[in-house]
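Engineer: Please see the structure below; I have some questions.
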Amino acid sequence: MIHIKNSVEIESMRKACRIAADVLDRLCAIVAPGMSTLEIDNRAKELISEYGATSASYNYKSGRLRYPSYICISVNEEIVHGIGRADKILKMGDVVSLDVCVIYDGWVGDNARTVCVGPVSAEVERLLRVTCEAMHMGIDQARVGNRVGDISNCIQRHVEANNFGIVREFVGHGVGRGLHEEPQVPNYGARGRGPRLAPGMTICIEPMVTLGSPSLKMGPDGWVALARDGKPAAHFEHTILITDGDPEILTRPSSEAVANK
Ligand code: MF3
Ligand code: CO
């Protein structure tokens, strides 16, 4: 069942999403060479509580495992769900995907962005640009009259037209009181398929894109997903509200200064 949010619930979602966006924005701004991913996670914990929110990722259950970090920090060939580590030190030329997922007043906001540590190769720059573009092209399909497959197909076409890989093992999702609600929003698929979009639905659109093959393997901690070929990956995510008109990006940060988001 897909939950349609009423106007009061939507207002609550707006607040949670704004916090998730501002925390992500502020964390992206501190990413620098020499920093460990644990330091970023520690800062995330502080910032989330500064806004009176909690992390939706911390203690997130998957089978017998519980996620031990406050946000996900995935470096280079790590695609998603990287855990902050004291011995994982950022260096020039790295790309870092930050995925911030918070709960505020019982509602979830979820967003992610990949940023560079200093200059990166032209190919990696293109990877980040195309992934961000694919997300926004998917968002533009998030309209009444369309189906989930229209979002999926649009993302897949843009990514594959640019000769990058689209990850299939992880997908976007409905979001609300729960982090993962129906419907699933895959980043691949056929136009005109899947559930119809209706006003009041809130969904996360989050392409995960690889520079090389999208084939992945799980890391030894049981959480981090890695590109099997060791090449870098990118991940952009927004929480979206379906309206009678244009889709509303709920995870827009208060400051609009960052170019790629
Ligand atoms: N934003 C991630 C998602 O949409 C949150 C993952 S939480 C984790 O799935 F605990 F699984 F890492
Ligand atoms: Co998500």
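The values are calculated or read from the model by the stated rules, or taken from the named source; none is laboratory data. From a predicted model like this one, the values you see are computed outputs, not experimental measurements. Don't worry about glycine lacking a Cβ; one is built from the backbone with ideal geometry, like all the others, and counts go over all protein chains shown.
Engineer: Any idea which residue in the stretch 205-242 is farthest from ligand 1 (Cβ to nearest atom), counting only those that are among the acidic types (Asp, Glu) and surrounded by fewer than 23 Cβ atoms within 10 Å (Cβ to Cβ)?
Structural biologist: Step by step, filter the stretch 205-242, then rank; the result is ASP229.
Engineer: Moving to a separate point now. When you scan the stretch 142-194, how many residues do you find that are hydroxyl-bearing (Ser, Thr, Tyr) and within 15 Å of ligand 1 (Cβ to nearest atom)?
Structural biologist: The number of residues fulfilling the criteria is 0.
Engineer: In the stretch 115-133, how many are of a type in the set (Asp, Glu) and touching a helix residue (DSSP H, G or I) at 6+ places or on another chain (Cβ under 9 Å)?
Structural biologist: 1
Engineer: Only one residue in LEU90, LEU127 is over 20 Å from PRO214 (Cβ atoms), modelled with pLDDT of 95 or more and either hydrophobic (A, V, I, L, M, F, W, C) or buried (at least 22 other Cβ atoms within 10 Å of the Cβ) (or both), so which one is that?
Structural biologist: The match here is LEU90.
Engineer: Using the structure shown, decide if VAL95 is closer than 19 Å to ILE249 by Cα and at pLDDT 95 or above.
Structural biologist: no
Engineer: Of everything in the stretch 171-212, what is more than 16 Å from ligand 2 (Cβ to nearest atom), in a loop (DSSP other than H, G, I, E, B) and touching a residue at least 60 places away in the same chain (Cβ under 8 Å)? Give them in sequence order.
Structural biologist: PRO195, ALA198, PRO199, GLY200, LEU211
Engineer: With the requirement that a residue be more than 16 Å from ligand 1 (Cβ to nearest atom) and touching a Ser or Thr at 6+ places or on another chain (Cβ under 6 Å), what does the stretch 89-105 give you?
Structural biologist: Correct list: ILE89, VAL95, ASP105.
Engineer: Determine which member of the set GLU39, GLU11, GLU46 is more than 30 Å from ARG196 (Cβ to Cβ), surrounded by fewer than 14 Cβ atoms within 10 Å (Cβ to Cβ) and over 18 Å from the mean Cα position of the chain (by Cα).
Structural biologist: GLU46
Engineer: Hey, could you check the stretch 59-114 for residues that are aromatic (Phe, Trp, Tyr) and out of contact with any helix residue (DSSP H, G or I) (no Cβ under 9 Å at 6 or more places or on another chain) and say which is farthest from ligand 2 (Cβ to nearest atom)?
Structural biologist: TYR67
Engineer: Tell me which residues, restricted to the stretch 88-107, are aliphatic (A, V, I, L, M) and outside any loop (DSSP other than H, G, I, E, B).
Structural biologist: ILE89, VAL95, VAL96, LEU98, VAL100, VAL102, ILE103
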